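Structure first, commentary second.
The values are calculated or read from the model by the stated rules, or taken from the named source; none is laboratory data. The structure presented is a predicted model; accordingly, all values stated were derived computationally and were not measured. Quick reminder, even Gly has a Cβ in these numbers, built from the backbone with ideal geometry, and neighbours come from all protein chains shown.
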Ligand code: TGC
């Protein structure tokens, strides 16, 4: 698009390989063809398009950074590129890919038995099985260590009781990775969602993430066999190691939503005439566009840097907090500023910025709120944990 030709001022594209750029084009093409033309209707109808899950599997977007077991084995940078392009479409669709790949599949890949990996991962990579990941509870959000969901050993396995909240895709998932307190610390369980006593109910109505599903789950004496237990995870480090993956994807994804909002605002400002000039010719509009562009370029650079560190195996959780905190915070401001350029038209679903901005209210909240990531960094630089 000629209107956008000069927006990569720093030539960040030069930091990607030809293969990475080609992969980006593939995902961008999918988003332009399958998501952008439909997202207005899905969002309005609060519809998650389950019909495109298998297409995402065919494109290699599910569990894409995992190796073996039918998973695509892509790099972390490629995974980030996909998150960015998908979220330029809608955060709800990127969230699906994160929940499936970074949370549910990663939990099985990192902490599961060989049998669990062979049973679930190939079908999940194809999108034939949808997974969800239950950590958060009605009374345990930022503080998962206060979880009430409990699994108790029986003669044949385990019995699970409790509740989870805000669990993406739970009502359409076939398998749920559920984290529960036990006498042996926090353990993870693979719960088939048709097990008696498992109930998932979508949380509605929502003002954010409308093209996605988040659920309440209850467990009433859910009987599990011994092989439901993920053998490798024995503390909160289990779920947190999966959150690291999802948080990493958000660093990129948030910049995708911001970029789309900027591009929509730039194009609109070039076409929209007021007082005989396009909005883009006014200094106030240029200030807004330039401020947006600076933060998008910086945030994208941050994403690329964290991605290269992740591929080199050096990325630390505290560095993920830098990216998640900064890029969500800046992206939400960019979406709101983009909306002001669109004037009244910006409050309709014909334009993406307010939809993206509303979605990012969820993105800045899940996988560690702004406050949690601030305190992780505060602890890192002062040595004074201030969480509690
Ligand atoms: P603490 O209780 O001391 O630590 C527990 C254990 O976890 C380890 N750990 C990590 N390991 C790997 N990566 C990380 N980022 C880790 N952070 C902590 C820690 O070493 C310890 O291990 P071990 O083996 O010694 O027991 O916890 P803390 O004081 O370190 O952390 C406090 C705090 C506030 C930072 C942490 O609780 C936190 O991150 N809270 C935010 C929780 C959060 O992000 N929740 C979002 C969940 S998302 C969800 O459930 C739904 S998924 C989205 C969807 O479905 O749509």
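Only one of 349, 301, 315 is in contact (Cβ under 8 Å) with a residue 60 or more places away in the chain, within 21 Å of residue 74 (Cα to Cα) and in a loop (DSSP other than H, G, I, E, B); which? Quick ask: steps written out before the conclusion?
Details: 349 fails: within 21 Å of residue 74 (Cα to Cα); 301 fails: in a loop (DSSP other than H, G, I, E, B).
None of the other options fit; the residue is 315.
Could you please find all residues in the range 233-251 being within 7 Å of the ligand (Cβ to nearest atom) and more than 21 Å from residue 91 (Cα to Cα)?
235, 236, 237, 240, 241
Could you list, in sequence order, the residues of the range 158-171 that are part of a strand (DSSP E or B) and more than 14 Å from residue 221 (Cα to Cα)? Before the answer, list the steps.
Of the range 158-171, the ones part of a strand (DSSP E or B) are 158-168.
Correct list: 164, 165, 166, 167, 168.
Conditions (1) away from the ligand (no atom under 14 Å from the Cβ); (2) in a helix (DSSP H, G or I), marked per residue:
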residue: 69; (1), (2): yes, no
residue: 79; (1), (2): yes, yes
residue: 98; (1), (2): no, yes
residue: 101; (1), (2): no, yes
residue: 115; (1), (2): yes, yes
residue: 125; (1), (2): yes, yes
residue: 142; (1), (2): no, no
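Just checking, which of 207, 229, 169 is buried (at least 19 other Cβ atoms within 10 Å of the Cβ) and on the phi < 0 side of the Ramachandran plot?
Values: 207 fails: buried (at least 19 other Cβ atoms within 10 Å of the Cβ); 169 fails: on the phi < 0 side of the Ramachandran plot.
None of the other options fit; the residue is 229.
For the range 172-186: of the residues being assigned to a strand (DSSP E or B) and within 12 Å of the ligand (Cβ to nearest atom), which is surrounded by the fewest Cβ atoms within 10 Å (Cβ to Cβ)? I'd like the intermediate steps shown before the answer.
So in the range 172-186, the residues assigned to a strand (DSSP E or B) come out as 175-182, 185-186.
Now drop any that are not within 12 Å of the ligand (Cβ to nearest atom), which leaves 176-179, 185-186.
Values: 176: 27, 177: 30, 178: 29, 179: 25, 185: 12, 186: 22.
Filtering the range 172-186 for residues that are assigned to a strand (DSSP E or B) and within 12 Å of the ligand (Cβ to nearest atom), the one surrounded by the fewest Cβ atoms within 10 Å (Cβ to Cβ) comes out as 185.
What is the one condition in (1) closer than 29 Å to residue 339 by Cα; (2) surrounded by fewer than 24 Cβ atoms within 10 Å (Cβ to Cβ) that residue 240 does not satisfy?
(1) is the only condition that residue 240 fails.
Within the range 1-43, can you find the residues that are outside any helix (DSSP H, G or I), modelled with pLDDT under 95 and touching a helix residue (DSSP H, G or I) at 6+ places or on another chain (Cβ under 9 Å)?
1
Kindly indicate which of 377, 354, 325 is surrounded by fewer than 19 Cβ atoms within 10 Å (Cβ to Cβ) and within 16 Å of the ligand (Cβ to nearest atom).
Values: 354 fails: within 16 Å of the ligand (Cβ to nearest atom); 325 fails: surrounded by fewer than 19 Cβ atoms within 10 Å (Cβ to Cβ).
Unique residue meeting the criteria: 377.
Given the structure, is residue 264 within 17 Å of the chain's Cα centre (by Cα) and within 21 Å of residue 81 (Cβ to Cβ)? It would help to see each step written out before you state the result.
On the way: within 17 Å of the chain's Cα centre (by Cα): no; within 21 Å of residue 81 (Cβ to Cβ): yes.
Considered against the rule, which asks whether it is within 17 Å of the chain's Cα centre (by Cα) and within 21 Å of residue 81 (Cβ to Cβ), residue 264 comes out as no.
Please name all residue pairs, on different chains or six or more residues apart, with Cβ atoms under 8 Å, provided the first residue is in the range 141-153 and is farther than 20 Å from residue 373 by Cβ and the second residue is in a loop (DSSP other than H, G, I, E, B).
Filtered contacts from the range 141-153: 147/135; 148/139; 152/183; 153/183.
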